[in-house]
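Values quoted throughout were computed directly from the atomic coordinates according to the rules given, and no laboratory measurement underlies them. If you're wondering where the values come from, they're calculated on a predicted model, not measured in any experiment. Neighbour counts run over all protein chains shown; Cβ positions are idealised from the backbone, glycine included.
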Amino acid sequence: MATKLRALITGGAGFIGSHLSEELLDRGFKVTVIDDLSTGRKENIAHLLKNIHFKFYKNTIMNEPLMARLLRNSDIVYHLAAAVGVKYILENPIQAIITNVTGTEKVIRLADKYHKKMILASTSEIYGKTVDSASRESDDRLVGPTSVNRWSYSNNKALDEFLALAYAKERKLPVVIVRLFNCVGPRQLGRYGMVLPRFIQSALDNRPITVYGDGSQSRTFTYVKDVVWAIATLSLSRKAEGHIFNVGNDHAITINDLARRIKNKTGSHSKIVHISYAKAFGKNAADFEDMGCRIPDITKIKKAIKYHPCYNIDKIIENTINHFSDQRKSHENI
Ligand SMILES: NC(=O)c1ccc[n+]([C@@H]2O[C@H](COP(=O)([O-])OP(=O)(O)OC[C@H]3O[C@@H](n4cnc5c(N)ncnc54)[C@H](O)[C@@H]3O)[C@@H](O)[C@H]2O)c1
């Protein structure tokens, strides 16, 4: 029998990490997760804990002796642990930089030390203000000043990419960088400002669906199952090493349209209301600058691994509504 590949997923109890755990277990991997549960939740992986090929460590990536041991005992590290979400980053600016820069540096250094393959989760925020036309991996970046905290995340992740590419070049570290574009689906939390779960939860409660700004801004959404398929497939491709890939869906929808579709599909009595960014983000509003639409150019990943997003916006909304409805029913039955 072939030996199983051993995956280490940092941030594996988070939204994307928990789906990646499932994807890799389905593909026959052994999976180890390290997560400090700062934004992740144990219930995201509760169904995996009985699987003999799954292990969970509630700990931080800052714990270098533990990370060294976990890296030594793995074949591929998927580095997803990060301080994430507009609201969280605005409210915890120092911790966000420490996690996203110092934490990532530790993971890259250890991956190099033990000669392990690494997948680095980056973000479309990298592109900054470049909006409304599809962004290619080689495009210029346009970001705001350092006095505006909102740009910290973009620059922290850019520094991670620089470091990973430097290790790839100088030390031959086999690394693949994935720039994720607005990933959505079951287990994503609304409380950090993510729009889709926030709207769905309001609709299910028949509370007002609150749109920030006038709602004419548009967004693309990528279903988490498409994202983890892409991450897993790229991680097994030798040709992908040393490369950056956009992972996203290139169909855009306005926030007003999104709110209407969610209201219709849930049969909700919610009103759709609009509030200013100043009201939504309070004292941090000065730091907040809304973007036009960021659209990924996915030519490169299509060519590399025949990636094709399988879930359109209606399917994404339906699956996510079903997830929240099921969750509510199971809480009612406790
Ligand atoms: N969700 C998206 O749309 C999106 C878009 C672009 C990039 N990303 C990237 O994907 C990755 C996963 O994001 P997500 O959306 O699943 O968010 P998430 O908050 O659900 O996942 C991040 C996980 O990292 C964990 N974590 C944070 N600090 C840690 C530490 N010091 N040690 C151990 N664990 C720690 C959190 O508890 C959480 O479980 C992140 O790197 C994020 O930057 C996500």
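The table below lists the values:
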read-out: Distance histogram in 10 Å bins (all Cα pairs of the chain, percent per bin); value: 5, 26, 36, 24, 8, 1
read-out: For region 11-78, the spread of Cα positions along each principal axis, largest first, Å; value: 29, 26, 19
read-out: Rg over Rh, two decimals, region 93-175 (C-alpha only, Kirkwood Rh); value: 1.01
read-out: Fraction of antiparallel bridges per DSSP, the chain only, in percent to nearest 5; value: 10 percent
read-out: Average Cα contact separation per residue, the chain, under 8 Å, 6 or more apart, as relative contact order %; value: 18 percent
read-out: Computed [θ] at 222 nm, helices only, for the chain once each DSSP H run of length n ≥ 4 contributes -39500 (n - 2.57); value: -11500 deg cm²/dmol
read-out: Neighbour-count order for Phe181, Phe281, Phe162, fewest beta carbons within 10 angstrom listed first; value: Phe162, Phe281, Phe181
read-out: Mean-position separation - Cα centroids, region 152-222 and region 19-48, in angstrom; value: 19 Å
read-out: For peptides 20-29, 314-323, sequence by mean Cβ density within 10 Å, most packed first; value: 20-29, 314-323
read-out: More than 15 angstrom apart: percent of Cα pairs within region 33-129; value: 66 percent
read-out: Calculated on alpha-carbon atoms, Rg and Dmax of region 171-247 in Å; value: 16.8, 55
read-out: Solvent-free Debye scattering, log10 I(q)/I(0), computed from the Cα coordinates of region 176-330 at q = 0.14, 0.19 Å⁻¹; value: -0.75, -1.16
read-out: Residue of Gly248, Gly12, Gly85 that the Gaussian network model of the chain assigns the largest fluctuation, springs spanning Cα pairs under 10 Å; value: Gly85
